1. Kindly indicate whether Y146 is of a type in the set (F, W, Y) and either open to solvent by 40 Å² or more (accessible area, probe 1.4 Å) or farther than 16 Å from G91 by Cβ (or both).
2. The conditions are (1) within 26 Å of L41 (Cβ to Cβ); (2) assigned to a loop (DSSP other than H, G, I, E, B); (3) open to solvent by 20 Å² or more (accessible area, probe 1.4 Å), and Y102 fails exactly one of them. Which is it?
3. Search region 117-170 for residues being under 21 Å from the mean Cα position of the chain (by Cα) and of a type in the set (F, W, Y), and hand back the single one that is farthest from E97 (Cα to Cα).
4. So which of N114, N107 is touching a helix residue (DSSP H, G or I) at 6+ places or on another chain (Cβ under 9 Å), open to solvent by 80 Å² or more (accessible area, probe 1.4 Å), of a type in the set (S, T, N, Q) and at pLDDT 85 or above?
5. List the number of the failed condition for V158; all other conditions in (1) within 21 Å of A86 (Cβ to Cβ); (2) open to solvent by 50 Å² or more (accessible area, probe 1.4 Å); (3) not small (G, A, S) hold.
6. Considering region 85-120 alone, what residues qualify as being at positive phi and in contact (Cβ under 8 Å) with a residue 12 or more places away in the chain?
Amino acid sequence: MYEEENKYPSIFATPRGSQYSINVSQVFGSPYTFDEAIHILGVASPDDIIVFQINSDGGQLYSLIALQNVIRSSQAQIHMNLIGMAASAGGALFLTEGVSSYGVGDNTCLMIHNMLCGTGYDDTHKIVTRAEHNKKINDRFVRETYLNFLSETEIQSVLDGKEIYLEDHEIKARLEKRESLRESEYQASVQKAIETETSL
């Protein structure tokens, strides 16, 4: 068990009162460790700025997923800054889509791998059921999280058990490519919608 799994993230408000810095420098422990961050994200307005400073070795998957879901629905302007190591859940948090910007510090690192999980001490059928469920969740999570950031070959290698480590310059290049692809997809969808409306 991680010694720091129940440490809370540090949150600082600027004198303006509408900008917050959320320092994610602990492992992702019990879900309640992010209660304050989730509250701030949930009540934020479009005028609020929330900056995530990430230097984390990862942790529990569903603590990450809950945080990501609130980030995606938040009205705030959200910025992700990688300031050290972003491993596992830490890296997935940094790569959360739909935020306003991404910053990558010098000599930072991002590590990607499969989720780590156990099946517990139980009867055979329950162990198999849980293992099958974990595999489905892991496959979906990896494919969705690293879409257009890793190649299909790299994604498959992660699903096969490989760990991938990326340096700062590699992270920046892949982020630029991912955002460019997403912008192209968005423009294509807008153009298709215009053409469909025109033809009606």
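The values are calculated or read from the model by the stated rules, or taken from the named source; none is laboratory data. Given the structure is predicted, the values throughout are model-derived calculations rather than measurements. With ideal geometry, Cβ positions are generated from the backbone for all residues, glycine too; neighbour counts draw on all protein chains shown. What goes into the accessible areas is simple: the full protein's heavy atoms, side chains included, and nothing from ligands, DNA or RNA. Shrake-Rupley method; radii C 1.70, N 1.55, O 1.52, S 1.80 Å.
1. No; evaluated as a whole, the condition is false for this residue.
2. Evaluating Y102 over (1) within 26 Å of L41 (Cβ to Cβ); (2) assigned to a loop (DSSP other than H, G, I, E, B); (3) open to solvent by 20 Å² or more (accessible area, probe 1.4 Å) leaves (2) as the failure.
3. Here the residue is Y165.
4. The unique qualifying residue is N107.
5. (2)
6. Within region 85-120, S88, G98, N107 meet the criteria.
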